[in-house]
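Okay, structure first, notes after.
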Amino acid sequence: MKRFLTCILVFVALCSSAVAAEKDLEIQGRKLISRTPPFTLNLSAELRLVHSSTMEYPKESSRTRTYFLIREKAKQVEEMMIIQIADRTNPLSEPMSVPPLKPDAEKRTYISHHVKKEMVEVDYLAQWIVWNPAAPSLDPVAKKGLAIPSRPALQGQILFPYGGEHAVLIRYSRETASFGIKVSGKGDDWNRDSISGNEKKVYEVFQKDFMGMINSLTFNKTS
């Protein structure tokens with residue numbers, strides 16, 4: 001049963017047990033350390049944790065912990081990472097499972113791959129999107145006095161189950177205008193089969209950073 005669909009992909013950001021959630025995840029410079037489940041990930045920049053929350057799903061025998069990490073300039077978000085971790089709360093319930101990642105638009109999806117790392121099955125993709133500051137899931141960021149512009153961004157997603165007890169979804173995105181060169185805001189200029197010029201240069205930088213995260217992902221137990 002793909003309970004991960006209801007526990008994570010259908011997400012409403014309400015805050016409860018935030019302190020307990022923060023104890024399970026830590027940022028040390030550019031390293032993200034999760035204790036439950038145990039994994040580490042190198043970030044492309046120093047992001048700060050601005051919000052964490054826990055939601056209980058008794059009918060699904062699970063809970064979902066959510067973390068918002070950002071890098072901002074003048075109170076405006078330029079990079080954002082949303083980490084959602086579903087935990088099985090009843091050992092007698094079915095093991096956690098995950099659905100395949102689905103891109104927003106196939107023609108603006110640059111990477112969509114699957115890899116096995118230390119016996120963990122990991123799916124990931126990279127795509128062009130447009131941030132939607134009106135999305136209810138982003139309310140915790142807005143309530144911190146931070147503005148999320150309604151602008152194009154490049155996004156990478158990472159999804160994996162862990163031992164039937166957990167499922168993890170990581171969504172990292174960076175505004176395309178934050179790379180320091182002028183780029184188009186039109187989606188057609190970012191199509192995978194025709195991307196060129198500054199748009200291609202920006203994507204290549206993003207791809208390098210995102211693949212660095214994928215390559216750094218380890219599942220060794222933390223101390």
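A simple spin-label model places pseudo-atoms 7 Å from Cα toward Cβ; at N220 and E106 they are separated by 4.1 nm.
Given their separation in residues at 0.36 nm each and the Cα-Cα distance between them, K31 and A134 gain 34.1 nm when the chain is fully extended. Neighbours of E79, meaning other residues whose beta-carbon lies under 13 angstrom from its beta-carbon, give a summed charge of +2 when Lys and Arg score +1 and Asp and Glu score -1.
Amide hydrogen proximity for E165: with H placed 1.01 Å from N in the peptide plane, the residues at 5 or more positions away or on another chain lying under 5 Å are M96. Subtracting the Cα-Cα distance of N191 and A142 from their residue separation scaled by 0.36 nm leaves 14.6 nm. Against the chain, whose longest principal axis comes from its Cα atoms, helix 197-216 is set at around 20 degrees. Could you name the lysines whose alpha carbon sits less than 20 Å from that of K144, not counting residues in the same chain fewer than 8 places away? Filter leaves K73, K75. Cβ crowding within 10 Å ranks I148, I111 as I111, I148, fewest other Cβ atoms first. Shape index of the chain: Rg/Rh, with Rg the Cα radius of gyration and Rh the Kirkwood radius from the inverse mean 1/r over Cα pairs, equals 0.95. The GluC sites (Glu not before Pro) of region 65-130 that meet both conditions, a loop assignment by DSSP and at most 10 other Cβ atoms within 10 Å of the site Cβ, are E118.
Only the coordinates and a few stated rules stand behind these numbers; no lab work does. Note that the coordinates shown come from a computational prediction; the quantities given were computed from them, not determined experimentally. Counting neighbours? That spans all protein chains shown, and the Cβs are built from the backbone with ideal geometry, glycine included.
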